[in-house]
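Here is the structure we will look at.
The values are calculated or read from the model by the stated rules, or taken from the named source; none is laboratory data. These figures come from a predicted structure and were not determined experimentally. All Cβ positions, even for glycine, are placed from backbone atoms using ideal geometry, and neighbour counts span all protein chains on display. The area values use the complete protein model at the heavy-atom level, side chains included, leaving out ligands, DNA and RNA. Shrake-Rupley method; radii C 1.70, N 1.55, O 1.52, S 1.80 Å.
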Amino acid sequence: MKKNLVPLIVLAALAAFPLVVEHNYYLHLMILFLMWVVIGSAWNLIAGYTGQVSFGDAAFFGSGAYAAGLLSHHLQLSAWWGLAIGGFVAVAVGMPFGWICFRMRGAYFALATLALNEVLRHSAAIAEGFTGGMVGILIMPTFVSKVPYYYVALALAAASMISIQWIVHAKPGYYFVSIREDQDAAESLGIDTHYYKMLSLAIAAFWTGVAGSLYMNYMGFIDPDVVFSLHDISIMAILVGIVGGVGTVYGPAVGAFIMVTVQELFRSGFFGLFEYLGRATGSAAVESMAKTITGAHVLGFGILVVVVILVLPNGIVGDWPKIRSAFSRNKIAA
Amino acid sequence: MDVFLQTLVAGVLKGGLYALIGIGMTLIMGVMGIINLAHGQLMMVAMYITYVLHLAGVDPYISLFVAMPGLFLIGCLIQHYLLNPLLKVETILPENQVLMTVGIGMVLTEVVRFIFKSDYKSVSTGYSNATFFLGDISFSVALVISFFIAIAFTVAMFFFLIKTDIGRSIRATAQDKDAAVLMGVNTGRITIVTFGLGSALVAAAGSLLAPVFYVFPDIGGPFTARAFIITILGGLGSTVGAIFGGVTLGLAESFGATYISMDYENIIGMTIFVLVLLFLPGGFKRLTKV
């Protein structure tokens, strides 16, 4: 019970969050954060634990989102059904690729996921009759308030983390890690590496697809460039994974929190700080800088990728002892 | 029949340039063992160098001699300061070098976007739209010149790899890094030179493409995709394979555009990619053993 104390407290705090903070803006950020916890945990399972790095999580995310969107677009069903089937659609999309690529060593899986995402993005844009093309799909949100979405997102985040934590501490989890560490050794011990890689991919694709369906329901609008975006979804998923800590259970949650904050910092120009400074000082240079920064979030992501891999390759959770010793040494020196 | 021949010609001409892109990629793949996902973005930088020189009145084919050394330098710096240090970093995440190249690609694209904005620029020269006819088949002058320069570079590359000391060291490192070290090859320096060479080759492709293409910051992504499709198609690390892969992709794209639809140009490459993974994993290298 004791080792679960901190997560339970965090969960309770998150459950109480909408009661304390009623501001829609912060609720919106929290919903995004929880959605990224789901995606980050899923990416972490396939890349961090099983060692098969996916560069195209957007393919699964977009499949889930389109599954929900198309249900309501064509069949006039509620898009909430997407939560039930979106994950399975993503699994169906990912499985054939995994089945082909997992037989081969090397960068094939990484490239295949990248290619899969591109194919889906172009297909969704071309098949106008079916997907609405670049116009996208617009649905009416079910709730006006953000609170119901918040609790759905919280439930999904908790469910994904618990299920993934459960599986990595069960037998398949140890198989996943053994595949990552030494595939030959794993095979010689009689582990069906192909099967377990597929299993890992299926779970990861499922949760990413569910997150996609949640996005469709919450945002009410998707188009191919939004949900199949390389930078905003695939790279963001990788960043969430590696900033927090690859191969750790709580890493993705930490990473999601940091990355959503960073994304919002750029989008809002450091929460309007530069805009404020521009108005306060009346200088045109600062104001134009505010505009520049607002448009620079991809650059920021790129620099973050480079810096994190160089300095904190195992993420904040994974490299925590290193960070702590760095700070404590400073204290002694001071 | 004319349409068929015309498509064939267009495909082969484009394929020559793709081969140049593919050789750069496959060199890096062979020596470093990683896929360079910033390859198209490096080409984009070379295109902008050509564009800037074009504004100053320099012909794209002359700016080749600025873009190639420039990109060679950029490639060396990337390898030395960003990729080689990762070998010493202990991490449980495999492929963090590949991830690093993705980051580098993003930074390159966005820095260029800052300087030049997202607008489409064109490097239009007197021969950009010029054509000549052989029978009923029209040839784009710019593409034909580019094709022959690309072939010249490819041949030069082969001589370099086969005849020179550095070339032999590169091949030795690609075949067996540990054995190369034992033979006295400074593999650290070889990786730096190789990344530089790969970047210089793709820079050549960029300068050659500039007169017939638009130049814009996001052009890198699609060409990175083409580069890795060519590499997979040819076989990882195979230089001969990269040439076949490049021409095959060029042909497939132009036949697809003629006989299926222009819309599917980007999907055709990916379809080939999947087919190769299914039926010929290992690419042309498996057939030719080169």
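Within region B:69-81, none of the residues are in contact (Cβ under 8 Å) with a residue 60 or more places away in the chain and within 8 Å of chain A (Cβ to nearest Cβ). In this structure, does B:V102 turn out to be part of a helix (DSSP H, G or I), within 12 Å of another protein chain (Cβ to nearest Cβ), without any contact (Cβ under 8 Å) to a residue 12 or more places away in the chain and out of contact with any Cys (no Cβ under 6 Å at 6 or more places or on another chain)? So B:V102 fails the test.
If you check A:V53, A:V6 for being under 30 Å from A:V177 (Cα atoms) and in contact (Cβ under 8 Å) with a residue 24 or more places away in the chain, only one passes: A:V53. The residues of region B:84-99 that are over 15 Å from B:T191 (Cα atoms) and more than 7 Å from chain A (Cβ to nearest Cβ) amount to a single one, B:E90. Just one of (1) in contact with an Asp or Glu (Cβ under 8 Å, 6 or more places away or on another chain); (2) more than 9 Å from every other protein chain (Cβ to nearest Cβ); (3) not aliphatic (A, V, I, L, M) fails for B:N266. It is (2). Restricting A:A127, A:A159, A:A155, A:A92 to those that are surrounded by fewer than 16 Cβ atoms within 10 Å (Cβ to Cβ), among the small types (G, A, S), more than 14 Å from chain B (Cβ to nearest Cβ) and closer than 30 Å to B:M270 by Cα reduces the list to A:A92. Do we find that A:A79 is surrounded by 20 or more Cβ atoms within 10 Å (Cβ to Cβ) and out of contact with any His (no Cβ under 8 Å at 6 or more places or on another chain) in this structure? Here the answer is yes, as A:A79 does meet what is asked. When B:G220 is tested against (1) more than 19 Å from B:G15 (Cβ to Cβ); (2) in contact with a Ser or Thr (Cβ under 7 Å, 6 or more places away or on another chain); (3) assigned to a helix (DSSP H, G or I); (4) open to solvent by 10 Å² or more (accessible area, probe 1.4 Å), just one condition goes unmet, and that condition is (4). The residue list B:I166, B:I145, B:I137, B:I170 contains one member that is under 23 Å from the mean Cα position of the chain (by Cα) and farther than 24 Å from B:L73 by Cβ, which is B:I145. Restricting B:T288, B:T239, B:T258 to those that are surrounded by 16 or more Cβ atoms within 10 Å (Cβ to Cβ), at pLDDT below 85, away from every other protein chain (no Cβ under 11 Å) and over 15 Å from the mean Cα position of the chain (by Cα) reduces the list to B:T258.
Within region A:48-92, track down each residue that is out of contact with any Ser or Thr (no Cβ under 6 Å at 6 or more places or on another chain) and closer than 17 Å to A:P252 by Cβ. A:G48, A:Y49, A:G51, A:Q52, A:V53, listed by residue number.
Here B:P60 fulfils each of the conditions (1) open to solvent by less than 10 Å² (accessible area, probe 1.4 Å); (2) out of contact with any Pro (no Cβ under 6 Å at 6 or more places or on another chain); (3) away from every other protein chain (no Cβ under 13 Å); (4) not small (G, A, S) apart from (2). Considering A:G82, A:G106, which residue is of a type in the set (G, A, S) and more than 10 Å from chain B (Cβ to nearest Cβ)? The unique qualifying residue is A:G82. For region B:105-133, residues that are assigned to a loop (DSSP other than H, G, I, E, B) and hydrophobic (A, V, I, L, M, F, W, C) total 2. No other residue among B:A225, B:A210 is crowded, with 23+ Cβ neighbours inside 10 Å and modelled with pLDDT under 90 apart from B:A210. When you look at B:L93, is it out of contact with any strand residue (DSSP E or B) (no Cβ under 6 Å at 6 or more places or on another chain) and part of a helix (DSSP H, G or I), yes or no? Judged against the criteria, B:L93 is not a match.
If you check B:A203 against the conditions, is it within 16 Å of B:T154 (Cα to Cα), of a type outside the set (K, R) and either surrounded by 21 or more Cβ atoms within 10 Å (Cβ to Cβ) or in contact with a strand residue (DSSP E or B) (Cβ under 8 Å, 6 or more places away or on another chain) (or both)? Yes, satisfied.
Scanning region A:117-124 turns up one or more residues that are under 30 Å from A:D182 (Cα atoms) and modelled with pLDDT of 85 or more.
Only one entry in B:L53, B:L37, B:L27, B:L20 is surrounded by fewer than 22 Cβ atoms within 10 Å (Cβ to Cβ) and at negative phi, namely B:L53. Between A:G220, A:G247, the distinction of being within 14 Å of chain B (Cβ to nearest Cβ) and either open to solvent by 50 Å² or more (accessible area, probe 1.4 Å) or touching a residue at least 12 places away in the same chain (Cβ under 8 Å) (or both) belongs to A:G247 only.
The residue that is nearest to the chain's Cα centre (by Cα), among those in region B:122-134 that are open to solvent by less than 40 Å² (accessible area, probe 1.4 Å) and touching a residue at least 40 places away in the same chain (Cβ under 8 Å), is B:V123. Look at (1) at pLDDT 90 or above; (2) buried (at least 18 other Cβ atoms within 10 Å of the Cβ) and you find that B:G70 fails only one, number (2). Applying the criterion of at least 2 residues that are modelled with pLDDT under 70 to the helices (runs of 4 or more DSSP H) found wholly in region A:269-334 leaves A:269-281, A:284-294, A:320-333. I'd like to know if region B:267-280 contains one or more residues that are open to solvent by 30 Å² or more (accessible area, probe 1.4 Å) and either in contact with a Gly (Cβ under 7 Å, 6 or more places away or on another chain) or among the basic types (K, R) (or both). Scanning region B:267-280 turns up no residue that is open to solvent by 30 Å² or more (accessible area, probe 1.4 Å) and either in contact with a Gly (Cβ under 7 Å, 6 or more places away or on another chain) or among the basic types (K, R) (or both).
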